[in-house]
Each structure stands twice: as structure tokens, then as C-alpha cells.
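Heads up, the thing below is written out as C-alpha cells.
Read-outs throughout are calculated quantities, based only on the coordinates presented, and are distinct from any laboratory measurement. Quick caveat: nothing in here was measured; it's all calculated off a predicted structure. FYI the Cβ positions are ideal-geometry reconstructions off the backbone, even for glycines, and counts take in every protein chain you see.
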Amino acid sequence: MGVSNEHGYDDSARINAVRIALRRWYESHARDFPWRHNRTPYRTAIAELMLRRTRAEQVTPVYEAFIAAYPTLDAAAHEDSATIIERFRPLGLEWRARDAAAFIREAHAQYGRNLPADAEAVRRLPGAGDYVSSAIACFSDGKNQPLIDTNTVRVLGRVFGVRTDGEARRRKAMRSLAAAAVDPDDPARYHYALIDLAARICRPRNPRCSECPIASEAACRFASDNGV
């Protein structure tokens, strides 16, 4: 792996091919979810908290009901925590529901009606962490922030031939790669495409390499190594 750019990762030809392939593929294969519209920091935060370890299709009705009841941070903050937790409960993971209630309460206490789209500010809130805070900066403010989770690590690891396991997202090599690969022209669209590719094509088991837009450009090491 070369080291010559600001992110410490140098495979510019492959990165460019991946960006182009994802951009073209997303134009006709994008999934449509309510949180991809009207992307205020608050709404992005609620969506990302709900999407933890949960399929997007399961989240959709719960998210829509929550936003209908609490369209703003101010509205959610004036609800009692027990009711917020109950709204999250259909998705399971009791700890997530409690995190969400704490996030809403603390976000409103610190920032009032307007949650900032600043990753560093949001990262300090309960339950936010690196991914949720980066997602808010990326999707709500167009910031060039890499989103690193199990799914994006899987795709990037396969494409660029970087080892992936349970610790991969914490390694400097993967974090450098994820940062370098983001399309600066439209970070939000790039990440939506990467997420959709992970869900539809680059699945954990039985990936559909023959349908992959990146593999078709001979830009995926995993597909090449497996004769696709």
C-alpha cells in the first residue's frame, strides 16, 4: 500500500474507478428511504440511531411514525424519556432506545432547538460515537467525512484488498482508505451508493460479484481474485 496523499493511502486510479462506478450505478439502483429527504441534523441523527444493527426496511415505519410525532428536536425533547424509549422499542435493542432518549435530552440541553451538523460537537453526545456524528456531518452538511461501519468496511476491504475482521474499522489502514475513497464532489451520494451496494450486491455471504459495477470495471481485487 503506497503512502503519498493526505490520507496516507495511494491507489488513485482504483479510487477514481470506484467513484465513477458507484456514481453511475446509484443513478438507477438507489434505494429510497424517508431519511434521505429533508436531511436536517436532527432527522439524520434519529435515522442513524435507529439504523444501528437493523435493516433499513425495518426502520422505515418506525422512523416515519417518530418523525410524524416529533418533527423537530424541540418536540422530541419535550416528550418524557419513557415514551421516547417506547417509540424505539419495536426495533429491539433496549440499550439503543435508552441511548436515543439520552441523546435527545442532552442535545436539546446543549444546543436548544438546532442540533449542529458538526461531527466533533455531536460526537460528545450520548450514543453518538464516530459513525452517527460523521453521518450527520456528511448527510446534513455535505462534509467530506468517511462513514466506517461493518458494511462499508466489507466493501472497501474487498475492493482494495485490505484485510477485514472485527477490528478492521479501528485500524489506521482502513480508516485512511475510507477517508481517501470518499468522493469529494458529493460525499452523501457516495456513501448512499456504498451502503446500497453493500446491501444489494456486496453482501457478507454469497456476494453478487457478477452484478457489481466495481467488479465490471476490473477495479475490485476480491472479484478479480475469484475469477469474476
Whole angstrom only: what separates the Cα centroid of segment 78-142 from the Cα centroid of segment 17-36?
26
Assuming 0.36 nm per residue, please report the length gained on full extension of the stretch A13 to T60 beyond their Cα-Cα distance.
13.2 nm
If unit charges are put on Cβ atoms (+1 for Lys and Arg, -1 for Asp and Glu) and the dipole of the chain is taken about its Cα centre, the option from L147, S210, A180 lying farthest towards the positive end turns out to be S210
On the Cα set of segment 69-228, report Rg and Dmax in Å, please.
18.3, 57
Can you tell me the orientation of helix 56-69 relative to the chain, as the angle in degrees between its alpha-carbon axis and the longest Cα principal axis, to the nearest 10?
30
At a Förster radius of 22 Å, what calculated FRET efficiency corresponds to the Cβ-Cβ distance of E211 and R36, to the nearest 0.05?
0.45
Radius ratio Rg over Rh of segment 150-210, counting only Cα atoms, Kirkwood formula for Rh:
0.95
